[in-house]
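**Q** The structure that follows is given in the form of structure tokens.
Just so it is clear, none of the values below were taken in a lab; they were calculated from the coordinates. Given the structure is predicted, the values throughout are model-derived calculations rather than measurements. Here Cβ is always computed from backbone atoms with ideal geometry, including for glycine, and neighbour counts include all displayed protein chains.
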Amino acid sequence: MKRPAWIEIIPQSDWNKDSSLNDLLEKVKDQENGRVDHIMAVHSINPRSMDAHNAVYSSAMSGTASLRKVERELIAFVVSLENHCHY
């Protein structure tokens, strides 16, 4: 079995040492458990890319009035299943 790729991250416990990351923490952390999901943490070495990723995600999930949020979530769920994404 091949080893999966590994992307260096800045541990969440060190985000307070970087003002850019510290400013983003409330935006990107899971409100239920207080942790940053891996999909966002991989951007920790480049806070601008994290902010951009979060903006795209927020836009996609709140986007237009033609789909309700629950419908957008369902589409994202089905796409993740089809792509065998565990996130």
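**Q** If I require 15 Å or longer along the helix axis, counting alpha carbons, and a Kyte-Doolittle average no lower than -1.0, what helices from the chain are left? Use full DSSP H segments. Kindly include the intermediate steps, with their values, before the conclusion.
**A** On the way: long enough: 47-62 (22 Å, -0.46); 69-82 (20 Å, 0.69).
Span-like helices in the chain: 47-62, 69-82.
**Q** Size of the dipole of the chain about the Cα centre, Lys and Arg at +1 and Asp and Glu at -1 on the beta carbon, nothing else charged, in debye to 20? Mind dumping the intermediate values first?
**A** On the way: 10 positive and 12 negative charges, 35 e Å.
Here the chain has a charge dipole of around 160 debye.
**Q** Find how much the distance from ILE9 to ALA55 grows on full extension, using 0.36 nm per residue of separation minus their present alpha carbon separation; answer in nm with one decimal.
**A** Details: separation 46, 0.36 × 46 = 16.56 nm, distance 1.99 nm.
That works out to 14.6 nm of additional length.
**Q** Per residue, what volume in Å³ does the Cα convex hull of segment 12-82 take up? Please report the intermediate quantities before stating the final value.
**A** On the way: hull volume 7.4 nm³, N = 71.
That works out to 104 Å³ per residue.
**Q** Find which of ILE75, ILE10, VAL36 sits farthest along the positive direction of the dipole of the chain, computed with +1 on the beta-carbon of Lys and Arg, -1 on that of Asp and Glu, about the Cα centre.
**A** ILE75
**Q** Another question about this same structure. Taking the beta-carbon count within 10 Å as an exposure proxy, list HIS53, HIS84, HIS38 from fewest neighbours to most.
**A** On the way: HIS53 16, HIS84 6, HIS38 11.
Going from sparsest to densest Cβ surroundings: HIS84, HIS38, HIS53.
**Q** Would you tally the net charge around VAL78, using a Cβ to Cβ cut-off of less than 13 Å, leaving VAL78 out, and scoring K and R as +1, D and E as -1?
**A** On the way: positive: ARG72; negative: GLU71, GLU73, GLU82.
It works out to a net charge of -2.
**Q** Would you tally the net charge around VAL28, using a Cβ to Cβ cut-off of less than 14 Å, leaving VAL28 out, and scoring K and R as +1, D and E as -1?
**A** Details: positive: LYS27, LYS29, ARG35, ARG48; negative: ASP18, ASP23, GLU26, ASP30, GLU32, ASP37, ASP51.
Taking every other residue near VAL28 into account, the sum is -3.
**Q** Roughly how many debye, to the nearest 20, is the charge dipole of segment 10-55 about its Cα centre, given +1 on each Lys and Arg Cβ, -1 on each Asp and Glu Cβ, and no other charges? Intermediate results must be reported in sequence, preceding the final value.
**A** On the way: 5 positive and 8 negative charges, 18 e Å.
So the dipole magnitude of segment 10-55 works out to roughly 80 debye.
**Q** What aspartates and glutamates sit close enough to LYS29 to cross-link, taking a C-alpha to C-alpha distance under 19 Å and skipping anything fewer than 8 places away on the same chain?
**A** Cα-Cα hits under 19 Å: GLU8, ASP14, ASP18, ASP37, ASP51, GLU73.
**Q** Would you mind counting up the charge near PRO11? Only other residues with Cβ under 15 Å from its Cβ, with Lys and Arg at +1 and Asp and Glu at -1.
**A** Result for the local shell: -1.
**Q** For Cα pairs less than 8 Å apart in space and 6+ apart in sequence, what is the mean separation divided by the residue count of segment 1-77, i.e. the relative contact order in percent? Display every interim value, and only then the final one.
**A** Details: 44 pairs, mean separation 18.9, N = 77.
25 percent.
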